[in-house]
Amino acid sequence: MSTAPLSRRFSALAATAAPGSRTARFVTAVSRAHVRVHRATGGRLGGAMGPVEIALLTTTGRRSGAPRTSALACFRFPEFGDQLVLVASNAGAARHPAWFHNALAHPDVRLERRGRSEDLRARPATEAERAVLWPLVVAAADTYAAYQELTDRRIPLLLLEPRPAPRTAAEGLQLLAELGKHLDGDVHLPGTPRYAELAAPWNVTVPVTPAAVVAARSARDVAAAVRTAGSLGLTVAVQRTGHGACPVDRGTLLVHTGGLDGCSIDPVARTARVGAGSLWTGVVAAAAEHGLAAPCGSAPGVGVAGFLTGGGLGPLARTIGPSSDLVRAFDVVTGDGELRHVTPETEPDLFWGLRGGKATLGIVTAVEVELLPITEVLGGALWFAAERAGTVLHRWARWCADLPTQATTSVVLAQLPPLPDLPPALAGRSVVGVRFVWTGGTGDGERLLEPLRELAPVLDTVAVMPYAAIGSVHADPTDPVPATERSGLLTELPPAAVDALLAVAGPDSGTPLLAVELRQLGGAVAAAPAHPSALCHRDAGFTVLTLGLALPGAPDAGAAGEAVLDALRDWSHPGALPNFAGGDDPARFARCYDDETRTRLRDLGDRYDRHRVLATGRVVRG
Ligand SMILES: Cc1cc2nc3c(=O)[nH]c(=O)nc-3n(C[C@H](O)[C@H](O)[C@H](O)COP(=O)(O)OP(=O)(O)OC[C@H]3O[C@@H](n4cnc5c(N)ncnc54)[C@H](O)[C@@H]3O)c2cc1C
């Protein structure tokens, strides 16, 4: 059968109307009238289009938080079960309809049909479910086949299911407290000191106020937390240090991995098997005892699993590539509560997606990572007075264009606080720092650095150093801070880009930012890994990071960071990197993945986490 051509034309009009246009206003007026008539008549009018039932779906606007009602075709196929099926066709438009995005962001929805209203929970059909349902939908209304022809996107289906039995807050808390009795670790409820301590992120501006914190001591604990959260209708987020914290509210159970802290080194295989809650600090020290180097980031105080699931670009990035390329295996609890051992052979999809996909596919409980036969590097920083920023930045940009892959470098424009543990040449000053790590012969590295040393740094810390001290090269802040970060990628850094950067972040710019950093990529970062991964945009030339303080009354460091990215937009790369996608802008996180990767991650997320227990924070879901 066909739905009425008039409705088809109206749907097409609605899907293509430009926001604010007369057409859009007309569509809104007609849609509102439809909703009013449907409600006033209990669906007797406006409740069907031919044999297809029309129901009213009320979602919560993902940006506005306001209720939004749409009149939609609604199907129930007895051969499939009790679920109601909605089709996110948007009349074949290029984008999913807003109600679909709303339902993903806030799955609790209300459906009005036949004069009755029901509170339901929405979730997208998995690929397997869609394979069964799509032919049924098209058989019931062939319009949808036509809509699918019109668009490259795969039209998703939304399933509406009964919500889990509602529990009072007290019952929920009781059940969470019960969970603690079955764990190797503990459950901490709001209002307790341990809850406050574990939930507190490194970036103290991020609100982390979960329903409870599970302080996991074993993979079994993580699996129990995921299963319990699912049964209580909670989502699950994971946190170790909160260096990359995401906002978490009372609808989420937070798994804190600090108790998963084992680390054993196999010096013959040159690998470390590390609990997911370990910090790089401990792993670097343990590996160094065997003359080996652990592939940490600039700040060894970050968590191993958070770093590796985001790709991980450290002070040796151009030499060794993203650290996630060195992962041999993961143990992970997926959203269905199963603990899985993941290698390229046993679970190729998960192995692909855990390297770059952050927590989209599961909570890592342990990781096996390759170590490097490096005991010493030539490393440190050259610090210059801020007045020399123009000369230094232009020289650095030219110099790094020809750097061999044994060199990794970054530059930072910094306004340093007057702290007693900083060298007097730097404390309380505006400075430019050039960081350098060289894994080749010392003489070659020293020669390579000459063009920058010629610029007479006020402090030169570049020297042969034990790899175990690698954290001193960047000397990132270790204590929690109220930070506002922004980040982007550049394709290149020509002189015009350097000038544009200096205009907004140089010594005369008046910027409130504490640090603006460029890291050179290329080298092994751009090389194809032995096992492909979900880490995208390896072709970018530079990362840009801005950091400012978010303090009451202080200038807006977010706006200042955006101004830096805006000034560099002519050279910007469209992507972003998952470990540097700070802030709570979902659009920025979406840029971490190309279309193919995003689709594959989303489909895997649906496969391993059918009930969307892990669909919180910066994860890729439909
Ligand atoms: C000062 C500073 C320096 C940094 N330097 C670098 C750098 O040089 N290179 C680089 O690549 N990144 C760097 N980062 C980013 C950092 O690697 C990420 O923020 C990373 O996620 C931190 O991991 P965490 O567990 O410590 O943080 P958390 O905030 O606890 O976790 C952040 C996210 O990581 C994921 N995650 C954490 N644990 C797990 C787990 N067990 N399983 C699955 N997912 C998990 C989750 O998505 C979680 O939301 C830096 C960040 C800061 C603040």
Loop sites only, by DSSP: take the GluC sites (Glu not before Pro) in the chain that have at most 13 other C-beta atoms within 10 Å and name the longest stretch containing none of them.
80-288
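Normalised by the residues of the stretch 376-590, what does the relative contact order come to in percent, with Cα pairs under 8 Å and at least six apart? All intermediate terms of the calculation are to be shown ahead of the outcome.
On the way: 404 pairs, mean separation 55.9, N = 215.
Here the relative contact order equals 26 percent.
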Cα shape, the stretch 519-590, gyration tensor, a/c 1.5 rule
prolate
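Averaged per residue, what accessible surface does the stretch 169-256 expose to a 1.4 Å probe, in Å²? It would help to have the intermediate numbers written out before the result.
On the way: 3690 Å² over 88 residues.
Accessible area per residue: 42 Å².
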Options Leu159, Gly65, Gly47, ranked by Cα towards positive dipole end of the stretch 5-162, top entry (Cβ charges):
Gly65
About its Cα centre, how strong a charge dipole does the chain have in debye, to the nearest 20, once Lys and Arg get +1 and Asp and Glu get -1 at the Cβ?
2600 debye
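Taking R0 as 51 Å, what's the FRET efficiency between Thr375 and Thr346 from their Cβ-Cβ distance, rounded to 0.05?
On the way: r = 33 Å, r/R0 = 0.65.
According to the calculation, E is roughly 0.95.
How about the stretch 68-117: which trypsin sites (Lys or Arg not before Pro) there are in a DSSP loop, with at most 16 other Cβ atoms within 10 Å of their Cβ? Please report the intermediate quantities before stating the final value.
On the way: sites: Arg68, Arg76, Arg95, Arg110, Arg113, Arg114, Arg116; in loops: Arg76, Arg95, Arg114.
Within the stretch 68-117, the qualifying trypsin sites (Lys or Arg not before Pro) (loop, at most 16 other Cβ atoms within 10 Å) are Arg76, Arg95, Arg114.
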Cα pair distances in the stretch 5-162, grouped into 10 Å bins until the bin that holds the longest one, percent each:
11, 41, 41, 7, 0
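Starting from the Cα gyration tensor of the stretch 169-256, multiply each eigenvalue by 5, take the square root, and state the resulting semi-axes largest first in whole Å. It would help to have the intermediate numbers written out before the result.
Working: eigenvalues 73, 37, 28 Å².
Over the Cα atoms of the stretch 169-256, the semi-axes work out to 19, 14, 12 Å.
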Compute the distance from the alpha-carbon center of the stretch 212-230 to that of the stretch 339-360, in whole Å.
20 Å
Let me cross-check Tyr144: its accessible surface, 1.4 Å probe, with only protein heavy atoms counted, in Å² to the nearest 10?
20 Å²
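Under a 1.4 Å probe, what is the accessible area of the stretch 30-165 per residue, stated in Å²? Write out the running numbers ahead of the final one.
On the way: 6690 Å² over 136 residues.
Value for the stretch 30-165: 49 Å² per residue.
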Calculated from backbone phi, Karplus (6.51, -1.76, 1.60) coupling profile of the stretch 388-395 in Hz, x at Gly/Pro:
8, 3, x, 4, 5, 5, 5, 5
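What length, rounded to one decimal in nm, is gained on full extension from Ser231 through to Ala33, with 0.36 nm per residue of separation minus their alpha-carbon distance? Can you show the working numbers first?
Details: separation 198, 0.36 × 198 = 71.28 nm, distance 3.92 nm.
Contour length minus the Cα-Cα distance gives 67.4 nm.
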So if I place +1 on the C-beta of Lys and Arg and -1 on the C-beta of Asp and Glu, and nothing else carries charge, what would the dipole magnitude of the stretch 487-622 be about its Cα centre? I want it in debye, nearest 20.
720 debye
Fraction of accessible area attributable to carbon and sulfur, the stretch 406-448 (%, probe 1.4 Å)
57 percent
Gain in span if fully extended, Glu492 to Arg220, counting 0.36 nm per residue against the direct Cα distance
93.3 nm
Given the options Pro417, Ser472, Ala199, identify the residue whose Cα lies farthest towards the positive end of the charge dipole of the chain (+1 on Cβ of Lys, Arg; -1 on Cβ of Asp, Glu).
Ala199
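Treating the beta-carbon of each Lys and Arg as +1 and of each Asp and Glu as -1, no other charges, what is the dipole magnitude of the stretch 169-256 about its Cα centre, to the nearest 20 debye?
My answer is approximately 140 debye.
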For n ≥ 4 DSSP H runs only, could you compute -39500 (n - 2.57) per run for the chain, divide by its residues and tell me the 222 nm figure to the nearest 500?
-9000 deg cm²/dmol
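Kindly identify the stretch 276-322 as rounded, prolate or oblate by the Cα gyration tensor criterion: order the square roots of the eigenvalues as a ≥ b ≥ c, call it rounded if a/c is under 1.5, otherwise compare a/b with b/c, prolate if a/b is larger, else oblate. All intermediate terms of the calculation are to be shown ahead of the outcome.
Details: a/c = 2.04, a/b = 1.12, b/c = 1.82.
Oblate, since a/c reaches 1.5 and b/c is not below a/b.
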To the nearest 0.05, what FRET efficiency results for Glu161 and Ala503 with a Förster distance of 35 Å applied to their C-beta separation?
0.05
With labels modelled as points extended 7 Å from the Cα through the Cβ direction, what inter-label distance (nm, one decimal) is found for Ala463 paired with Ala40?
8.5 nm
Any number yet on Rg/Rh for the stretch 336-464, C-alpha, Kirkwood?
1.15
Apply the Debye scattering formula to the chain, with a single equal point scatterer on each alpha-carbon and no solvent, then give log10 I(q)/I(0) at q = 0.08, 0.11 Å⁻¹.
-0.64, -1.10
At what distance in nm do the modelled label points of His394 and Asp421 sit from each other, each positioned 7 Å from its Cα along Cα→Cβ?
3.8 nm
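Protein chains only, probe 1.4 Å: how do Ile155, Ile265 rank by accessible area, largest first?
On the way: Ile155 0, Ile265 35 Å².
Accessible-area ranking of Ile155, Ile265, largest first: Ile265, Ile155.
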Looking at the stretch 222-346 only, what percent of DSSP beta bridges run antiparallel? Nearest 5 please.
65 percent
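Let me check something: with ligands and nucleic acids excluded, how do His474, His290 order by accessible area (1.4 Å probe), largest to smallest? Before the final figure, lay out the partial values.
Values: His474 15, His290 90 Å².
My answer, sorted largest first, is His290, His474.
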So, in Å, what gap is there between the alpha-carbon centers of the stretch 79-123 and the stretch 533-579?
35 Å
Of Cys592, Ala581, Val619, which is farthest on the positive side of the dipole of the stretch 577-622, counting Cα position, with +1 on Lys and Arg Cβ, -1 on Asp and Glu Cβ, and the Cα centre as origin?
Val619
Any chance you could check the Cα centroid distance between the stretch 314-329 and the stretch 459-487 for me, in angstrom?
18 Å
Between Ala269 and Leu551, what is the label-to-label distance in nm when each label sits 7 Å out along the Cα-to-Cβ direction?
4.9 nm
Multiplying the sequence separation of Ala170 and Arg110 by 0.36 nm and subtracting their Cα-Cα distance, what value in nm do you get?
19.1 nm
Whenever you get a sec, compute what percent of the accessible area on the stretch 238-297 sits on carbon and sulfur atoms (1.4 Å probe).
52 percent
What is the Cα coordinate range of the stretch 376-590 on the first, second and third principal axes, sorted by size from largest, in whole angstrom?
48, 46, 35
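Report the relative contact order of the chain, percent, no decimals, based on alpha-carbon pairs under 8 angstrom and at least 6 residues apart. Could the numbers behind the result be given before it?
On the way: 1370 pairs, mean separation 73.0, N = 622.
The normalised contact order for the chain reaches 12 percent.
The values are calculated or read from the model by the stated rules, or taken from the named source; none is laboratory data. Here the structure is a predicted model, which means the values were calculated and not measured. Neighbour counts are summed over all protein chains in view; Cβ atoms, including those assigned to glycine, are modelled from backbone coordinates with ideal geometry. Accessible surface areas use protein heavy atoms only, side chains included; no ligands, DNA or RNA. Shrake-Rupley method; radii C 1.70, N 1.55, O 1.52, S 1.80 Å.
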